[in-house]
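Report on one structure; see the data block that follows.
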Amino acid sequence: MAPVHLTNADLHSHSNISDGTLSPEDLAARACDKGVELWSLTDHDEIGGQARATQRARALGLDYLTGVEVSVTFAGETVHIVGLGFDADDSALQAGLAATRGGRRDRALRMGDGLAEVGVPGAFEGALKYVGNPDLISRTHFARFLVETGVCSDTHEVFRRFLTDGKPGFVAHQWARLADAVRWITRAGGLAVIAHPARYKFSPTAEYALFSEFVAHGGRGVEVMTGSHSEPERVRYADMALEFDLLASRGSDFHSPTESRTELGSLPDLPGRLKPVWDALEHRVQRGA
Ligand code: AMP
Ligand code: MN
Ligand code: MN
Ligand code: MN
């Protein structure tokens, strides 16, 4: 493998076990084709795809780290915490994730009601047709349904008009607590990472609280190179990584060949001044055969 900073690591991606469109196997093959050297499948609130991802990655000669993206509620906002390199058989982690995703079906039914009220009937049933895993119905599945039925022209328009706070298909939801998410990941032998920090609508004070509390609970990393960050945001979170002594991660957040703006393995390398998160996870890498 290339020197640690130049490793083409992609440690954030989704399969149809959550809201991606490819199977774990097809995603592994695509990562390999796109030149990824160290990969992680990080489905939302769900590790049911880990064995399949690991197996196919290893068969393709691709190094693999177990992964998950946990939905957390912090200061009234949804924050995503990526876990990497944990033991996927850990029962406390599995139970915590099951509890986190447990409310998704009721939330989705209420989203369907909200959409029906503004003249978009049948959205719950429609979204279900796109769901690969009945435990994991997400806003993305609703977005696909509204695009296919011509209500909107792309998924970003659906989120803007219907699925964000204050819009008719939005249902406020209480996800996991930050302390719990970090603890589940860490006790399972993994490392917790703040996902795409620029996406949250926090005041500077609330953002500082997020980083401070995350570190206090044992969180270790932050995504600097992600499909969601602009160039100035990359610089800003590189500075934050140094300020909070966090390891830096890199991940496309790839969901689909047609919907994702950032391809697997296509982000710039981490700046040389940062410590890559995978440097601290070497003992957890499952080597490709
Ligand atoms: P959920 O976990 O059900 O709240 O769904 C969150 C998912 O919706 C995220 O992981 C993204 O895949 C997707 N998403 C959120 N905001 C947007 C947006 N503005 N445009 C497209 N997809 C989005
Ligand atoms: Mn998603
Ligand atoms: Mn996310
Ligand atoms: Mn993601």
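The values are calculated or read from the model by the stated rules, or taken from the named source; none is laboratory data. Predicted model only: the values in this text are computed from it and were never measured. Here Cβ is always computed from backbone atoms with ideal geometry, including for glycine, and neighbour counts include all displayed protein chains. Note: accessible area is taken over every heavy atom of the protein model, side chains too, but ligands, DNA and RNA are not part of it. Shrake-Rupley method; radii C 1.70, N 1.55, O 1.52, S 1.80 Å.
Points worth noting:
- Candidate set from the range 249-261 (those that are surrounded by fewer than 20 Cβ atoms within 10 Å (Cβ to Cβ) and within 16 Å of ligand 3 (Cβ to nearest atom)); member that is modelled with the highest pLDDT: S256
- With respect to (1) assigned to a loop (DSSP other than H, G, I, E, B); (2) away from ligand 4 (no atom under 15 Å from the Cβ); (3) assigned by TED's automatic domain parsing to the domain that holds L27, the lone exception for S260 is condition (2).
- Of all positions in the range 3-16, none carries a residue that is away from ligand 2 (no atom under 16 Å from the Cβ), touching a Lys or Arg at 6+ places or on another chain (Cβ under 6 Å), under 27 Å from P257 (Cα atoms) and part of a helix (DSSP H, G or I).
- Being under 22 Å from G48 (Cα atoms) and either in contact with an Asp or Glu (Cβ under 6 Å, 6 or more places away or on another chain) or not hydrophobic (A, V, I, L, M, F, W, C) (or both) holds for only one residue in L128, L97, and it is L97.
- Within the range 59-75, being surrounded by fewer than 21 Cβ atoms within 10 Å (Cβ to Cβ) and β-branched (V, I, T) holds for one residue alone: T73.
- Taking helices (runs of 4 or more DSSP H) as the structural unit, those lying wholly within the range 22-119 and holding at least 3 residues that are within 15 Å of the chain's Cα centre (by Cα) correspond to 91-101.
- Number of positions in the range 1-49 that are over 14 Å from Y64 (Cα atoms), among the small types (G, A, S) and in contact with a Leu (Cβ under 8 Å, 6 or more places away or on another chain): 3
- Index of the failed condition, I137 passing every other in (1) in contact with a helix residue (DSSP H, G or I) (Cβ under 7 Å, 6 or more places away or on another chain); (2) modelled with pLDDT under 95: (2)
- Scanning the range 37-58 for residues that are open to solvent by less than 10 Å² (accessible area, probe 1.4 Å) and either out of contact with any His (no Cβ under 7 Å at 6 or more places or on another chain) or farther than 22 Å from I137 by Cβ (or both) gives L38, W39, S40, L41, D45, G49, Q50, A53, A57.
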